[in-house]
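The values are calculated or read from the model by the stated rules, or taken from the named source; none is laboratory data. Nothing here was measured: the structure is a model prediction, and the numbers come from that model. Positions of Cβ are backbone-derived with ideal geometry, glycine not excepted, and every protein chain shown enters the neighbour counts. The area values use the complete protein model at the heavy-atom level, side chains included, leaving out ligands, DNA and RNA. Shrake-Rupley method; radii C 1.70, N 1.55, O 1.52, S 1.80 Å.
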Amino acid sequence: MDRLHIGIFGKRNRGKSSLINAMAGQEIAIVSDVPGTTTDPVKKNIEILGLGPVVLIDTAGIDDAGNVGEKRVSKSMEMLKNIDVAILLVGDDTVDESELNLIRNFQDADIQFVIVYNKMDIHPLNGEFKNLLLKYGAPVLECSAKEHCGIQELTNALVALAPNTKPVENLLDGKIHQGETIVLVMPQDSEAPEGRLILPQVQVIRNILDNKAIAVCLQPDELKDYLAKNHCDFVVTDSQVFKDVAKIVPENIPLTGFSIVLARSKGNFDSFLKGTPKISELQDDDTVLILESCTHTSSCDDIGRHKLPRLLEKFTGKHLNFEFVAALSPLPPLGKVKLAIQCGGCMVTRKQLENRMREIQKENIPISNYGMAIAYCTGIFKRAVEKFT
């Protein structure tokens, strides 16, 4: 499940830090009457009843001044690429150009937002100002973070906005049914995290349980024997062992990969389907952009840094150049990029992934994802996506 990212925005001394502290129920951000106390965005993972796991993000004031202040504002605006829902704090019975610009940015980025008048402990919101705020098409609330007044109403408003941020399709929903047996092939190799499962595996297991189906978790060397003795309705495998698993699983049993399943709920699935066959058009010295959505140390078994590049060069018979971007780091110049390949995206939200893909698609660069690219290079692309097309 994605953590809903909630950004808190506004001018200096609007009470943003007080609000994040009140929502989290603990002292996360420094609160001071001195303007510009918050510099870099402050993040806190918490659980909110009705929303589940969320990330609260406190940002610097959008009216910060000076060379350093402009950098702080730039950092705050960068957060628009990472959030699903925004809270705009206002006061002084007026809305200035910096606040109007922020509202326009919310609307342009299709970000759901709520406007909060956070000074009710000083004086109540007058009706004329409230009517002005309502014209911007967002809920308008009064609260005082210092007194924890209105926090529940704010939470209720966020709960109401949250459904508009959910994926249209989620993992295996609609593709598996109650009582079916879903076999998950999960190699625990040197790239597997110590003592735990990777997030896509955990999410798919939970999704199978939610659909009242049966999840069977196996290592690759256990698959053949299991299928010989047991019924199976669907196989989902780690993409790295696609080739070996495809040889074992009978053609009448649907087969796909965790990365492909994840792409279904992260959006851009159709773009991945369209872009993957472009692998066959790569030429010598073309540049391929590999997009990892997490940060980790790399080894010789790393799928994005080593295995996928080797597989692409072997399949195409071409010498290719590779550029790598980890987490949500800025993209490099895209002028020479002929193909982008995105990982499953388990560590980022659908909104964050969509924003990244939008930058690439503006340049008309075809995109694929790890699972689809590996399936294509191993000759099972059609089979691996058939269940979802």
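The set of residues in segment 97-119 that are among the acidic types (Asp, Glu) and in contact (Cβ under 8 Å) with a residue 24 or more places away in the chain contains only GLU99. Filtered by the rule that a residue be open to solvent by 20 Å² or more (accessible area, probe 1.4 Å), assigned to a loop (DSSP other than H, G, I, E, B) and in contact with a helix residue (DSSP H, G or I) (Cβ under 9 Å, 6 or more places away or on another chain), segment 93-124 gives ASP93, THR94, VAL95, ALA109, ASP110.
Here is a yes/no grid of residues against (1) touching a residue at least 24 places away in the same chain (Cβ under 8 Å); (2) in a loop (DSSP other than H, G, I, E, B); (3) more than 16 Å from ILE176 (Cβ to Cβ):
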residue	(1), (2), (3)
GLN203	yes, no, no
LYS212	yes, yes, no
PHE242	yes, no, yes
ASP270	no, no, yes
HIS306	no, no, yes
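Among the conditions (1) open to solvent by less than 10 Å² (accessible area, probe 1.4 Å); (2) within 16 Å of SER368 (Cβ to Cβ); (3) aliphatic (A, V, I, L, M); (4) more than 21 Å from the chain's Cα centre (by Cα), LEU255 misses just one, which is (2). Residues considered: ASP301, ASP270, ASP285. Of these, the only one that is under 29 Å from ASN82 (Cα atoms) and either among the charged types (D, E, K, R) or modelled with pLDDT under 95 (or both) is ASP270. Given (1) at pLDDT below 95; (2) farther than 25 Å from VAL236 by Cβ; (3) surrounded by 18 or more Cβ atoms within 10 Å (Cβ to Cβ); (4) of a type outside the set (D, E, K, R), where does THR316 come up short, assuming only one miss? Only one criterion is unmet by THR316, namely (1).
Within the span defined as segment 236-244, one or more residues are open to solvent by 80 Å² or more (accessible area, probe 1.4 Å), more than 20 Å from ASN170 (Cβ to Cβ) and touching a helix residue (DSSP H, G or I) at 6+ places or on another chain (Cβ under 8 Å). When the residues of segment 141-154 are filtered to those that are outside any loop (DSSP other than H, G, I, E, B) and open to solvent by less than 20 Å² (accessible area, probe 1.4 Å), the one that is modelled with the lowest pLDDT is SER144. Taking each residue of segment 272-292 that is touching a residue at least 12 places away in the same chain (Cβ under 8 Å) and looking for partners that are among the polar types (S, T, N, Q) and open to solvent by 50 Å² or more (accessible area, probe 1.4 Å) with beta-carbon atoms closer than 9 Å, six or more apart or interchain, yields LEU273/THR389; ASP285/ASN321; ASP286/ASN321; THR287/ASN321; VAL288/ASN321.
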